[in-house]
1. Of all the residues that make up segment B:95-114, how many are over 22 Å from the mean Cα position of the chain (by Cα) and without any contact (Cβ under 8 Å) to a residue 40 or more places away in the chain?
2. Go over the candidates B:LEU177, B:LEU249, B:LEU152 one by one and state the one that is among the hydrophobic types (A, V, I, L, M, F, W, C) and in contact with an Asp or Glu (Cβ under 8 Å, 6 or more places away or on another chain).
3. If you take the residues in segment B:260-275 that are away from chain A (no Cβ under 13 Å) and not β-branched (Val, Ile, Thr), which one is nearest to A:LEU142 (Cα to Cα)?
4. With the structure loaded, tell me whether A:ALA129 is over 14 Å from the mean Cα position of the chain (by Cα), surrounded by fewer than 24 Cβ atoms within 10 Å (Cβ to Cβ) and aliphatic (A, V, I, L, M) or whether it fails that test.
5. Determine which single condition A:GLY158 fails, assuming it passes every other condition in (1) within 14 Å of chain B (Cβ to nearest Cβ); (2) touching a Lys or Arg at 6+ places or on another chain (Cβ under 8 Å).
6. Go over the candidates A:ALA275, A:ALA292, A:ALA314, A:ALA285 one by one and state the one that is within 24 Å of A:LYS198 (Cβ to Cβ) and surrounded by fewer than 22 Cβ atoms within 10 Å (Cβ to Cβ).
7. Would you confirm whether any residue within segment A:89-103 is under 14 Å from A:ALA229 (Cα atoms) and within 14 Å of chain B (Cβ to nearest Cβ)?
Amino acid sequence: MTGTQTPPTPVASEGGAPTRAVARAERFSTALIVGAVAIGVIIAVALTPGFLTVDNVRAILRNASIVGIAAVGMTPITLSGNFISLGTQQSAMAASVVFVALVGNGLAPALAIVIVVVALLVVGAIQGAVVAAGLNPVITTLAAGAIIFGVVADATNGQVVSIGDHPVSWGNGSVAGIPVEVLVFALVTVVVGLLVSKTVAGREVTLCGANKETAIASGISYRRVTLWAFMIFSGALAIAGVLAGAGFGQATIQSLNTLTVDALAAILVGGTAIAGGYGSPWRSAAGALLIAVITNVMILNNFSIGGRLAVEGAVVVVVVVLLEFLRRHREVR
Amino acid sequence: MARLVLRRARTYILPLGVLAVTWVVIASTTPSFKGQSSVFSVLEGFPLLGLVALGLAVTIIAGELDLSVGSMAALAGVVAVKSGSTGLVGALAIATLMGVVLGAVQGTVIARLGINSLVLTVGTLILLRGAAYLASSNKPSQLKNFVISDPLLDRYGILSISSIIALSIFVVLGLFLAYTRYGREIYAIGGARDEARAAGVPRFRPLVLTFALSGGCAALAGALASLKGGSAAPQNYDDVLLSGAAAALVGGVSLYGGRGTVLNVALGVGVLSVVAAGLAARGSDASLTQLVTGALLIVVVAVEYVAGRLGQRSRLRHAAAQGAAVSGPMRA
């Protein structure tokens, strides 16, 4: 749906590699997001006593972590031109339930993690293969999410699965004062960020999203790229599910029930283009942090859940519209 | 002429067959699902699931997708219950009008910016949900004047006021889409957007209309269901996106845009209503319905894809629908 009157869009220009204009655009909107986070934090600190305490900052980072991991993991799917996954919550919830159930039955946490990660990679590979075969990713993930939800609901009878008397020692632990999930969030962001920007497979993902025909013509396997993106996503969801399960010590089919929408919001606020080819995992991580800061400020200022959701939605809409205007403006120049 | 009729009919044969098979299976395994009451329970699926599916189908036909329908239905439910003092007609009209206006605003933004509808509707999905909580002061709203919902509980043979309203909307919208210029424009932008624009279809009007229709349908659906139940909770209806999209696609609306009619939607709603009625009669919970809906959805989408691959004609149309976003080799 790009403007039909300007055929050579900067992304699709010959040579395949991103042009200087795109690089400049990327730097500019990165600066914009960093600036927005900075201004948000300053306003928050000025208006909210109790914002800049160690406990509160830690709470913000913890809240951003699970959503951030899911958002960072989904970014390769979005970059590759496969839009979004509407089955995020269900996969992460399934990972959480399975992990808690296994550990609760006395299995060693390390072994449980391996089982959960492998299981989720298989689930992701199946979805990736279906999408790679040409089916619509949005509808495929919506349907897969419903199936996963139904299976887990049936298996648990909708009951709470508890870790019982086998609590995971690192579940709520921290290293040098930094909570475990925050460290993992940072690690996942760095790994996925480097995979996307520094490896051949990662560059292929972005190229596929930027211009699918050119990518295929230059010998890139669209199927492999799609499969790769979905596996990364599922791996990240396995990690998010395990962290949530270990932290709470229990899980139900309702666990993480806003994860899908929250992860999408983080990606969009980060400025990654939904049609692919433009964006990065770093941006999604920043988006998750920004939303966590805004939510935290609203909680400290006694906003109701309705107010918080309305503001979060408004932020997504405003950022999306603003970034689109900026992109347009730059293209015209 | 006969061949044209046959080709037209072909898009209905598969969903009609699925409907017949599910009906027979459910009827033979569920003792309570028979006679007039079975038809009544299936038609009762039209006010909520049917109207949401109808609105979603219009967006799919236009080559877009409105993710915000569940939140819109929840907000409309709260608004309808809160405005119960204006009477049944007044409450339904206020809620529906709100949906149409909010939908038109979404459509205008999408058309004006030329962005993917997923992007904006993810934002409005959150925003409208928040608005539903705010409108109901974060708790379920009760209908103060219970008398006004009485007509909704009356039954006329296989019909109720709710299903009569829903079916009338199906007929009116069906005629509008098939026989008016504005309706045909929606098919045109979904089938081949660039070509449609080049042929003189306006940039804004079809998209604004599409999202106004989907907003209005979702709002009327939420308002009808909430008024009938006498209360509206702001967290309601977050699963109608799945069942609505499934109904539209199972009925034979093409995911690649430009193809499908209200009759397709009605058949799909029929299939899902039969399945839901059958599962509910066996005491299965909602999660099993989700599983079946999801499985049905993926099977139907896969069948449509394979069928499309088999025919060169469909493949070309598919390429046109997908190639609208990028400068494909055909246009170069």
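1. Looking only at that region, the number is 2.
2. After ruling out the rest, the residue left standing is B:LEU249.
3. B:GLY268
4. Yes, satisfied.
5. Of the numbered conditions (1) within 14 Å of chain B (Cβ to nearest Cβ); (2) touching a Lys or Arg at 6+ places or on another chain (Cβ under 8 Å), the odd one out for A:GLY158 is (2).
6. It is A:ALA275.
7. no
This table checks each residue for (1) small (Gly, Ala, Ser); (2) under 19 Å from A:ALA110 (Cβ atoms); (3) surrounded by fewer than 15 Cβ atoms within 10 Å (Cβ to Cβ); (4) modelled with pLDDT of 95 or more.
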position	(1), (2), (3), (4)
A:ILE148	no, no, no, yes
A:ASP165	no, yes, yes, no
A:GLY173	yes, yes, yes, no
A:ALA176	yes, no, yes, no
A:VAL180	no, yes, no, no
A:THR189	no, no, no, yes
A:VAL196	no, no, no, no
A:THR199	no, no, yes, no
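The values are calculated or read from the model by the stated rules, or taken from the named source; none is laboratory data. These numbers come from a predicted model, not from an experiment. All Cβ positions, glycine included, derive from the backbone under ideal geometry; neighbour counts span all protein chains shown.
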